[in-house]
1. Quick check, is Lys191 surrounded by fewer than 15 Cβ atoms within 10 Å (Cβ to Cβ), charged (D, E, K, R) and within 16 Å of ligand 2 (Cβ to nearest atom)?
2. Which of the residues belonging to the stretch 352-371 are open to solvent by less than 70 Å² (accessible area, probe 1.4 Å) and of a type in the set (Asp, Glu)?
3. I need the full set of residues from the stretch 21-49 which are farther than 23 Å from Asp407 by Cβ and of a type in the set (Ser, Thr, Tyr), in order please.
4. Could you give me the residue pairs with C-beta distances under 7 Å whose first residue belongs to the stretch 344-357 and is in the same structural domain as Glu372 (by TED's automatic domain parsing), whose second residue is among the β-branched types (Val, Ile, Thr) and within 16 Å of ligand 1 (Cβ to nearest atom) wherever it lies, and which are 6+ apart or on separate chains?
5. Wholly within the stretch 90-149, which strands (runs of 3 or more DSSP E) include no fewer than the required count, namely at least 1 residues that are β-branched (Val, Ile, Thr), farther than 25 Å from Lys357 by Cβ and open to solvent by 80 Å² or more (accessible area, probe 1.4 Å)?
6. For the stretch 152-159, indicate whether the set of residues that are within 16 Å of ligand 2 (Cβ to nearest atom), open to solvent by less than 20 Å² (accessible area, probe 1.4 Å), part of a loop (DSSP other than H, G, I, E, B) and touching a strand residue (DSSP E or B) at 6+ places or on another chain (Cβ under 9 Å) is non-empty.
7. Quick one: which residue in Gly174, Gly203 is open to solvent by 40 Å² or more (accessible area, probe 1.4 Å) and on the phi > 0 side of the Ramachandran plot?
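The values are calculated or read from the model by the stated rules, or taken from the named source; none is laboratory data. Source: prediction; values computed, not measured. All Cβ positions, glycine included, derive from the backbone under ideal geometry; neighbour counts span all protein chains shown. These accessible areas exclude ligands, DNA and RNA; they are computed on the full protein's heavy atoms, side chains included. Shrake-Rupley method; radii C 1.70, N 1.55, O 1.52, S 1.80 Å.
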Amino acid sequence: MPADKIEVVAINDAQEEPQQTVVPHERQVVEAVIALWKEDASTESLGFGKLHGLVKKKHPNWQLSEKRVKVLLKQYGLAQSGDQSAFSYAKDITSLPTPHVTLPKTVLIVMTSKRGKCLYAKTAIKKGDLIWEEKPLFAVPLLAHYSLIASGKACTHCGKLGSVSSAGETVLRGLDCNICSEIWCSLTCKKMDQTIHSALKHGLRATAKQIDAEAFHSLTEYCLKEQWNALYAIAMIYAFIVLDKTGVKGEQFKAMARVSQKIRYKALNSSAGAFDSLQGGALFVEEQQEELWKDGYLRFLRAFPKAAELVSMDEFLHMMGTYNINNLDLSVFLLQSHLNHNCAPNCEVETALQKYKGVKVVAARDIKSGEELTTTYVNPSHTLQQRQRELRVNWGFICKCQKCKDDEQIQHRRKSSTGAHQKEKAEIRHMLANSTEATDGEFEIPLDFNGERRKSVRFDEKVVKVTQT
Ligand SMILES: [Zn+2]
Ligand SMILES: [Zn+2]
Ligand SMILES: [Zn+2]
């Protein structure tokens, strides 16, 4: 295409601000600061005074004092990482010895008083070695695939899209359900899924006392409408548990690192809500959240008529919290869930596209005998502040790993020589501007704040909207 055919359109995306001064809502202030951090991650280490100055520059008509910025950031748990007033809930997480677990020969489970269960290397492990692989204890399908599944366009177990013949019909080869319109993609999926499928979708007599298929269906529709994945997930998990005649799955779920969603919500409310509202969500006031939980709980009890004596509201919230801190890509894995976090982990967890295939845990580097095995819960390329905030809100602890300590030292040094820092940044910018090659590999500057954040999965129990009653 000749160059003169390319039309250049100038887009004016500047916000039109009214000219008279306004007092911004506290959420607007917090969001303005977060927007700055997103734009330039290095501003995360600025003090309140400089942040205030930058916000004022962006919103000249705001009537806003430096003190208010400081108070609000503290209130929302967004102050500096070293701030001890930030809410964390690691002490509220409990766990029990894991029953009926088969360990790989190179791995040991250790119970600690402060950090719960940990995995340790029993022998030296070479970089790249497969340490173990496992299938999910609870495979939770993607709720968003539900309508595709219901109309027989995707596998009801793994969510894989059905193959279509030249005549435009889905090729089934005996993999369709003879009662409803749902299909499986393979014999493996059909075999693994048949019992739960019958119980949840057809309400067969054998399971009808435990699971009300119609109520389960309406619960699923409700979760879809509210985008409440965690409720759907714990309903699936509870179905797996009641259908497991041995009772082992229920015991194993109870033994996992356990915390009430109510406690997690405190941390969420103090910070992540502000992040989520930037992505189209809304901050929840506590009363609304309580209402929603109650609503979800009642629907849960309708789907499981016998659960009323076993699952109290408090237990329901514990199930939700436990699911949220233990799931990996929605599903729950027994041994993998024992891996603790490190921002520079020595293990890599590889997930398969087809969920039932499970995960592989591989040594990311040489591991010595007696070393703790770790994984990362967050994107290690994110800044110290981002990582610490995500870890504190989603998993309740303040990370003190070596990488965090090192990063903190670097920041302290930079702060004490801001001039040098500015110069260095200008140099980097200059190099980036003049570089014609992709520079991703050469500069480890976390320019991308958003990325695929696992937090959105962990916190998806917070719906994006609520209907006012
Ligand atoms: Zn499948
Ligand atoms: Zn069916
Ligand atoms: Zn760390």
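1. Yes.
2. We begin by selecting, within the stretch 352-371, every residue open to solvent by less than 70 Å² (accessible area, probe 1.4 Å); these are 352, 354-356, 358-359, 361-364, 367, 370-371.
Answer for the stretch 352-371, where residues must be open to solvent by less than 70 Å² (accessible area, probe 1.4 Å) and of a type in the set (Asp, Glu): just Glu371.
3. Thr21
4. Tyr356/Thr188
5. Qualifying strands (runs of 3 or more DSSP E): none found.
6. The answer is yes; a qualifying residue exists.
7. Gly174 is the lone residue from the list that is open to solvent by 40 Å² or more (accessible area, probe 1.4 Å) and on the phi > 0 side of the Ramachandran plot.
Let's see how each residue does on (1) part of a loop (DSSP other than H, G, I, E, B); (2) basic (Lys, Arg):
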position: Ala206; (1), (2): no, no
position: Gln210; (1), (2): yes, no
position: His217; (1), (2): no, no
position: Glu221; (1), (2): no, no
position: Lys225; (1), (2): no, yes
position: Ile234; (1), (2): no, no
